[in-house]
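Presented below is the structure to which this report refers.
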């Protein structure tokens, strides 16, 4: 009977193994059934799983923070053992855990100190196991009394093959009539199974018990007929003919129809899930506790191109892209720290062809799941999607660049349309070149047909006097060659130029590495040359060159249109010049009237225009700013000389008269239509940001921007100029005074731009 039990146990283990194989596939994403506790360095609970809540009869929030001594009874050796435990060796022991309701739960515990000082406790409830042990003890005491009533059918055949004993449980098999002879057994055996059963009986009889050490019992599985239905039985035969207490062949028979049918379903299910595992489009990798590959799905082999054997037993982080490896390992570390948790993955992996493929998926820690015991990696190939997104991003970036260039060309075009000042247009043109093409400096040389020379017109980005030299003859230097040969001249490395010349030498002194000269043609006529400088080696691509060519065409059009406009509107230009000369004459007259302010109008006008351009004013607006700055004190023509030229301080009454000059300016200029847009400065330049100025007491952005710009320039020039009543202040003293007035006298935004301009120009 003991040998029969071992056979049954082995059969039970076989079925369990088959069940685990299926659960391995079905429960990859489920949590462990064991109670899991994570202890901090102070042996307090910092985390636990839902099974731990069930085991201790408390919610997770109630358990977090409890010391280990709260759930382990007094006198338990666990704390002392943990204190001296080697981090490399897990601690196994049986303890009792104290429930929150005061009861105790016996558990088999695996304790392990982690590298970071934390402790992982895995607890398996052994309540049922202990009950089983006690039941087994009782069963053993009653074994002899219960054997006759075993659930298995026991049949004993004598030495002649006759039936000497049949247990009453024969009825369980549905056999109502006693079996008296061996021959009768074959009546109920399925015809296809008889030969195998007969062979099993012959081998059983041929091998007498004790003739060979450890002879296992003979197991035979076959179908039998009962009430017209075929059912499965399993018979364990033991030859005990030499046993004086038996003297026969013992057959322990049980109906295993349900088990056989279950096993069949199990085999079908296993085959089904195996097919899913192998044929799924999503890759699945199982890693053991050491993060070495235990299993891979067919999708992984198809995806990366490596055979299965190349993966098994290896750490395959070597396939992860170096830039993604740390994040990949971090995800595994996070999963390791939280059993049952799932972490997202996104990384590149190298396939067998050496190409990098983008993979996206998850890693789940099922190390503590007894049916899995692995990290489960699920991922899919998203390379095509990533490449598509990158392509879309590149297209969007290209589209943005092109839109930016279109907008830049539009701004240049507007400048061309709204201004006949070639220099002003070229200033805007150069700003766009520097911004859109990423160069460090730009210069524009205009062509003078009369002398067939190139004249430096404007420059941007130079610290010295580069591009301010004398005119260049055609063919002289890279710019002259570009004009003469009607092609772009590119010098990628100025240090390697054998014939340096003045231009190259000056560029090297400025620290430039690359140079390009591009001729500008409009309707086949040379208009000038653009010079581009970069401090880093320039490697222009087709898109960059295309934009440069477009800018060159636009620049040529700007120059040509300016010349055409000057020609077509000469009379109007002369009239405008007459107006401007008149304005300048008025300004000069005022300066001459007061010798203490000689040159003031010209200085503040130049500085105001520069500051207004820095603050983003358009070319059209700059024209009005220039006129308004020149006429800022035109209203003083209405102030009596006795007050205007007074050397001493003004009386209160005199100062009130002096404060009328902005109003006089408005009354004088407002009837002149073309000067109305320029009235902002003459009328409002004495207004203050806090509203304490005159003549109207405007506050904040109620004050026109042009007036706010001029106000700070006017004060700076006045402070840094000599007056009869004081010497000129130093630049630093004037700037310090202005800083004190920011937010009261001056607009903070305008002040910031002013300080930046002064710092950049060194004025």
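Just so it is clear, none of the values below were taken in a lab; they were calculated from the coordinates. Note that this is a predicted model, so its numbers are computed, not measured. Cβ coordinates were reconstructed from backbone atoms using ideal geometry, including for glycine residues, and neighbour counts include every protein chain displayed.
Footprinting exposure proxy ranking of 737, 632, 311, fewest other C-beta atoms within 10 angstrom first, gives 737, 311, 632.
Kindly identify the stretch 613-763 as rounded, prolate or oblate by the Cα gyration tensor criterion: order the square roots of the eigenvalues as a ≥ b ≥ c, call it rounded if a/c is under 1.5, otherwise compare a/b with b/c, prolate if a/b is larger, else oblate.
Details: a/c = 1.62, a/b = 1.09, b/c = 1.48.
In terms of gyration-tensor shape, oblate.
Cβ crowding within 10 Å ranks 232, 689 as 232, 689, fewest other Cβ atoms first.
For the stretch 700-722 versus the stretch 38-56, the spacing of their alpha-carbon centroids is 71 Å. Of the residues 352, 761, 297, 262, the one with the fewest other Cβ atoms within 10 Å heads the list, and the complete ranking is 761, 352, 262, 297.
Calculate, in nm to one decimal, what residue 257 and residue 486 gain on full extension: separation in residues at 0.36 nm each, minus their alpha carbon distance. The partial results should precede the final answer.
Values: separation 229, 0.36 × 229 = 82.44 nm, distance 9.79 nm.
Gain in length upon complete extension: 72.6 nm.
Annotation: extensible slack from residue 323 through residue 243 equals 21.4 nm (criterion: 0.36 nm per residue apart, minus Cα-Cα distance).
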